[in-house]
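Peer 1: Just passing along the structure, written as structure tokens.
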Amino acid sequence: MYTFNHSLIKGQRKNMKKLILSMIAISALASADVKTVLPYYGTINYDNSSNKSLKDSSKFGGFYTSIGNLGYLFELGYNYLDTKYKDPKISNLKQHDLTMMYSKYYPTYMIKSGFHYINNNEKTAFRDLGNGIVGILGVSRYTFKPKSKTTYGLDLYYSHYGSAHNDRTLAEIKTINIAQFTPYLTYGETISSSMSNVFTFKTNFIYSHSYKDTSYVSYEFSDTLIENKAYLTLSYLGGDFRSGVKDNGFSVYNTKDLYSRSYQAKLGYHFSKKLDASIDYTSNFYKEYDAKTLKLMPRGRNNIISASMSYTF
């Protein structure tokens, strides 16, 4: 989640810029590292109709942790997913996700790199994309004004699935590579001493020569309103989103499901400067991919509910 820094925005002056430069230059020695730990748990309920979804429900959980200061940020995330199918003859899909990211901050820009690794127990008869790894690169530039901050940048994702089926044949296992380019713009503003707002717009360009339809374009809107200790984030995704990456690399959709719309609401509260809790609800409208028939099923819906708590020290 984007964190809006009230004190930095309010005190943005030439001498402050010089101070920031100095602090970044000696951050390894003079700046204390800030550490955050965030565990979470959630469930997914799929469409009741067997014609729209082969899946029944999923449970997931994991943690996110980070350490950083004014000069860098190291992030680590782990997620475990257990999916139950409507057909009792199909064993549960169990998946492990591991994400690592390193970001380096400079006075007016940031660069980052990392990877997202996926390991699951997909059976050959139901194989979609299987195990994979995603390389992550990103660069952004930011400008400050007395009460606002503007950030624009580009994230690049390259997904590699070495033992997968494409959407043309089940006769052979193939390597599938997927490229994604995500330019974005974020604008944050201090409205009053107790209120601020952050708005983000992204466009996802996804390409894979392995698919019949090789390219997909989608867009995302996200707005976070912060009032004293409470905050509310509303998000929307539209267009065509397939086998893509979201959440700055921490969410990878390693299926051929075709998403057309997604609504998300997140409500959180800061109990103190260190302790935060939130609850998140997402509703996805999509066509689930049937790996046995190589076809998309009729448009269905799934609902995701999750809860998290973070502690910073």
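Peer 1: What's the whole-number percent of alpha carbon pairs in the stretch 153-236 lying beyond 20 angstrom?
Peer 2: Summing the P(r) tail past 20 Å for the stretch 153-236 gives 53 percent.
Peer 1: Kindly write out, for the stretch 169-183 in residue order, the coupling ³J(HN,Hα) from the Karplus curve 6.51 cos²θ - 1.76 cosθ + 1.60 (θ = phi - 60°), rounded to whole Hz, with x marking Gly and Pro.
Peer 2: 8, 9, 5, 8, 8, 10, 8, 10, 10, 10, 10, 9, 10, 10, x
Peer 1: State, to one decimal in nm, how far the label point of V37 lies from the label point of T65, with both points 7 Å from Cα in the Cβ direction.
Peer 2: Computed distance between label sites V37 and T65 equals 0.7 nm.
Peer 1: Ok, one more. Hey, can you find the accessible area per residue of the stretch 127-204 for me, probe 1.4 Å, expressed in square angstrom?
Peer 2: Numbers: 3510 Å² over 78 residues.
Using a 1.4 Å probe on heavy atoms only, each residue of the stretch 127-204 averages 45 Å².
Peer 1: Please find, in a Gaussian network model of the chain (springs between Cα atoms separated by less than 10 Å), the residue of R127, R168, R242 whose mean-square fluctuation is greatest.
Peer 2: Checking each option, the largest mean-square fluctuation is seen for R168.
Peer 1: Out of K274, K86, K246, any idea which swings most in a Gaussian network model of the chain, alpha carbons joined below 10 Å?
Peer 2: Highest fluctuation of the listed residues: K274.
Peer 1: Would you mind checking the stretch 126-154 for residues with the amide N under 14 Å from a putative spin-label position 7 Å along Cα→C-beta of N119?
Peer 2: So the set is 131-133.
Peer 1: Which distance in Å, rounded to a whole number, links the C-alpha centroids of the stretch 192-215 and the stretch 120-137?
Peer 2: 23 Å
Peer 1: How large is the Kirkwood hydrodynamic radius of the stretch 175-313, counting all unique pairs of alpha carbons, in Å? Please list the in-between numbers first.
Peer 2: Working: mean 1/r = 0.0594 Å⁻¹.
After inverting the pairwise mean of 1/r, the radius is 16.8 Å.
Peer 1: Let me ask something else. If you fit an axis through the alpha-carbon atoms of helix 14-25 and take the longest principal axis of the Cα set of the chain, what angle between them do you get, 0 to 90°, nearest 10?
Peer 2: 60 degrees
Peer 1: For K212 paired with K84, estimate the spin-label separation in nm (one decimal), with each label point 7 Å from Cα along the Cα-to-Cβ line.
Peer 2: 3.3 nm
Peer 1: Taking Cα atoms of the stretch 108-154, Rg/Rh with Kirkwood Rh, to two decimals? Walk me through the numbers before you get to the answer.
Peer 2: Working: Rg = 18.5 Å, Rh = 13.9 Å.
Ratio of gyration radius to Kirkwood radius for the stretch 108-154: 1.33.
Peer 1: Kindly report the accessible area of the stretch 226-313 per residue (heavy atoms of protein chains, probe 1.4 Å, no ligands, DNA or RNA), in Å².
Peer 2: 47 Å²
Peer 1: Can you pull the three principal axis extents for the Cα set of the chain, in Å, largest first?
Peer 2: Between the extreme Cα coordinates on each principal axis of the chain lie 66, 34, 32 Å.
Peer 1: To continue, here is another question. Nearest 20 debye, what's the magnitude of the dipole of the chain about its Cα centre given +1 on Lys and Arg Cβ and -1 on Asp and Glu Cβ?
Peer 2: 580 debye
Peer 1: Please report the carbon-and-sulfur percent of the accessible area for the chain; probe 1.4 Å, protein heavy atoms only, DNA, RNA and ligands left out.
Peer 2: Carbon and sulfur together cover 61 percent of it.
Peer 1: Hey, what did the chain get for relative contact order, percent, Cα under 8 Å, at least 6 apart?
Peer 2: 15 percent
Peer 1: For the pair S193 and H160, what calculated FRET efficiency results from E = 1/(1 + (r/R0)^6), where r is the Cβ-Cβ distance and R0 = 45 Å, to the nearest 0.05? Walk me through the intermediate numbers first.
Peer 2: Details: r = 48 Å, r/R0 = 1.08.
Calculated transfer efficiency: 0.40.
Peer 1: Still on this model: Taking every pair of alpha-carbon atoms in the stretch 71-113, what share in percent sits in each 5 Å bin, from 0 to the bin with the longest distance?
Peer 2: Bin by bin from 0 Å, the calculated values are 6, 16, 17, 11, 11, 8, 8, 8, 6, 4, 2, 0.
The values are calculated or read from the model by the stated rules, or taken from the named source; none is laboratory data. Fair warning: this is a prediction, and the values are worked out from it, not measured in the lab. Here Cβ is always computed from backbone atoms with ideal geometry, including for glycine, and neighbour counts include all displayed protein chains. Surface accessibility is based on the protein's heavy atoms, side chains included, excluding ligands, DNA and RNA. Shrake-Rupley method; radii C 1.70, N 1.55, O 1.52, S 1.80 Å.
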